[in-house]
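Data first, discussion second: the structure below is written as structure tokens.
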Amino acid sequence: MLGSKIDLLKREWLDVVFAGKNKKYGAYQLRSTSTANTTKALLIASSIYVVAFLAPKVISMIKGSLPEDEIVKQVEVTVQSPPPVNPDTPPPPPVEPPPPKQDQIKFPPPIVKPDNEVIDKEPVHIEDLKKADPGQKTIEGDPTADIVIAGPVGDGPKQAAVVEDTKVYDFVSIETQPGFPGGMEKFYAYLRKAVKYPPVAMENNIQGKVFLSFVVEKNGDLTDIKVERKLGGGTDEEAIRVLKNSPRWTPGIQNGKPVRVKYNIPISFTLSQ
């Protein structure tokens, strides 16, 4: 009995172990179905392994064998040599240019030679050149011939494009600073007439200066008006409005031409006592 193999998972042994006990307990159910579950799991795992191992071969068999690599044949091409040149063949005649419209008389540049090498030939006189142009050889002209220009034809010298100066200069480094027509006294007189004290600033007794910056354009207009230091109570908006309605200024000058100049100015707001 002791030397024999005992299978504790057999049904009869389970009944002995769980005799007089609640067989609805989970351990009894697990042990009774353990052998069947183990066999089932082993079969499923084996099936999955076999399918995964054989799948590529089955797919290749279904699609058929891969096509063989195409063999490229090399064909040797023989190029015929050019025919031999006959040395007796005369060269083509030179192409003479068309005759000029005006006669030309040979008038080469002078070359200093010894007296014994000077050819006794009548030189060309100035009177002859009045009727004909000088050239390297004497050619009879054709008045009906067309004018032929042998040299390359170009567009001639081109004037460089004028680049407009749009740089904004600092009024400190400018040659001639921009200004209000009649001077700054006229500008402050314009401010005294144009500025309307904002009611909110008046009620809250807001007084002081609004610091602004703007650009005096080439035509004297004021653009890019900004408040650099605010005062509040509607004074900032009033200062911008007054500058927008300002008459045109005299533009700044740099290198003799009007340019754009950045300008800074304070506008005071003071309540009269």
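Name every residue in the stretch 238-261 that is in contact with a strand residue (DSSP E or B) (Cβ under 9 Å, 6 or more places away or on another chain) and closer than 23 Å to GLY208 by Cβ, in order of residue number.
Scanning the stretch 238-261 gives GLU238, ALA239, ILE240, VAL242, LEU243, LYS244, SER246.
For the stretch 165-273, list the strands (runs of 3 or more DSSP E) that sit wholly inside it and hold at least 3 residues that are in contact (Cβ under 8 Å) with a residue 60 or more places away in the chain; which are they?
Here the list reads 168-170, 252-254, 257-269.
All of the numbers you see were taken from the coordinates with simple rules; none came from a lab. Since the model is a prediction, treat every value here as computed from it, not as a measurement. FYI the Cβ positions are ideal-geometry reconstructions off the backbone, even for glycines, and counts take in every protein chain you see.
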